[in-house]
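Derivation of every value follows stated rules applied to the coordinates shown; laboratory data play no part. Quick caveat: nothing in here was measured; it's all calculated off a predicted structure. Cβ sites come from the backbone with ideal geometry, for glycine too, and all protein chains shown count toward neighbours.
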Amino acid sequence: MSGDEVLVLLFSVGVGGAGLLYWYRPILLSPIVERVARERVALIAAPPVALALIFAVIVTAGSFDVRGDPRYLLLYTVLGAVWIFVASQIMHGFNISFRDDALERRNPAAVIVVVCAMLAHAAIYAGANIGDGPGWWCVLPPR
């Protein structure tokens, strides 16, 4: 791995970790979620399912040099975590908040929208990783 790839990996681990905290903290600490078990399960399962989708695509259809190197698999998967958590923050611009709408207001339609948006962004990112390319910078711009 080159120096810039190590920096991207470290940045991605930090931002992805912050995204995990931001996502799971309200789900696990909210007293309201006890009454909405299905919605809670969907919100808890969405990030691991999205990351599994990303990993599956990268390991099967990614660049030949990425598929065989665990370091690059880690880099691109963690970078995918950043992508999906940043996308979940962008949803606030559309007035959809997983914490406010899905958890506190117990709106099952909001849960569906939030989970589907996360999976859609995972598919977008995974699709950007299909095939051979020159490096990590090619998968970040929107396609």
May I ask you to order 110-120, 13-23 by the average number of other C-beta atoms within 10 Å around their residues, highest value first? 110-120, 13-23
Kindly provide the helix-only [θ] at 222 nm of the chain, computed as the sum of -39,500 (n - 2.57) over DSSP H runs of four or more divided by all residues, to the nearest 500 deg cm²/dmol? -23500 deg cm²/dmol
For the range 3-138, what is the relative contact order in percent, using Cα pairs closer than 8 Å and at least 6 residues apart in sequence? 36 percent
On a 0 to 90 degree scale, rounded to 10, what angle separates helix 108-128 from the longest Cα axis of the chain? 0 degrees
Note the full-extension length gain between ILE112 and SER2 as 0.36 nm times their separation in residues minus their Cα-Cα distance, in nm to one decimal. 35.6 nm
Between the Cα axis of helix 37-61 and the main Cα principal axis of the chain, the angle (0 to 90°, nearest 10) is 10 degrees
